[in-house]
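K.L.:
Dumping the structure here so I can ask a few things about it.
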Amino acid sequence: MSDCETPIRVVIADDQPLLRHSLAAVINANHDMTVVGEAGTGDEVVEFTAELHPDVVLMDIRMPGTDGIAATRRIMADPGTESVKVIVLTMFELDEYVRAALQAGASGFLLKDAHPDELLDAIRRTHQGESLFAPRVLTRLIEAYIAQPAVAKPGSLDGLTERETEVLTLVGHGLSNDEIATTLTISIKTVKTHIGNLLSKLQARDRAHLVIAAYESNLVQSTR
């Protein structure tokens, strides 16, 4: 990052002070990001987000009073904070609240036992507009989603070009935009264009639904 670039501003929400401070230490050790606030409750993180305007919020789900799901919903419903990216921190591969947090507008899910480098990568990628999921969470989330026939499914792949199908397959495997660009030897801008086209053609809300489309179309095989 050059001197003129602004660090990614992060707010941490967790009811355990030791974990908050540990996360802050890991984040603040990097020149391209900085922790601007620490919240111990859902109400505090909503307040801090409105006041501090962070780029990314690390959100614990289970907090006293207003939980992480309700806090995420309130942040996404406020025009002043709806552009903030929320990464949910969970102790379990498929916490009972994960899907609710996704519906509330969370951009990604990370297990609390993740390596620090995974946390930093998640913050950077989410800040760049990618949805990011810990692999175990993503697999379980997709399998649970597919098991529900009543849930609306993404659109047909019939209208996709060969290149869009390739990109969708790589998205389904969990590759980032940078990794897709490298794999297909195309520019990041081109990757983003393909992602935008896929979202439109498949009537998918976000990258998570593109992954689901890849699984349902057998472009990616379930591990179940």
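K.L.:
Test of understanding: express the Cα radius of gyration of segment 153-205 as a ratio to 2.2 N^0.38 Å, with N the residue count. Mind showing how you got there, number by number?
P.N.:
Values: Rg = 10.4 Å, N = 53, 2.2 N^0.38 = 9.9 Å.
The reported ratio for this selection is 1.05.
K.L.:
Sticking with this structure for a sec: Residues of segment 1-134: accessible area per residue at 1.4 Å, in Å²?
P.N.:
46
K.L.:
So, by mean Cβ neighbours within 10 angstrom, what's the order for 76-84, 122-130 with the highest one leading?
P.N.:
Descending packing order for the listed peptides: 122-130, 76-84.
K.L.:
Quick check: the distance between the Cα centres of segment 11-66 and segment 103-123, to the nearest angstrom?
P.N.:
13
K.L.:
Taking 0.36 nm per residue of sequence separation and subtracting the Cα-Cα distance, how much length would be gained by fully extending the chain between GLU82 and ASP43, in nm to one decimal?
P.N.:
Extra length available between GLU82 and ASP43 comes to 12.4 nm.
K.L.:
Principal axes first, then extents: for the Cα atoms of segment 23-109, list largest minus smallest coordinate on each axis, whole Å, largest first.
P.N.:
So the extents along the principal axes, rounded to whole Å, are 35, 30, 22.
K.L.:
Here's another thing I want to ask about it. Could you rank LYS192, LYS201, LYS85 by how accessible they are, 1.4 Å probe, largest area first?
P.N.:
LYS192, LYS201, LYS85
The values are calculated or read from the model by the stated rules, or taken from the named source; none is laboratory data. These numbers come from a predicted model, not from an experiment. Here the Cβ is made from the backbone with ideal geometry for all residues, glycine too, and neighbour counts use every protein chain on show. When the accessible area is computed, the model is the full protein with side chains, heavy atoms only, and any ligands, DNA or RNA have been set aside. Shrake-Rupley method; radii C 1.70, N 1.55, O 1.52, S 1.80 Å.
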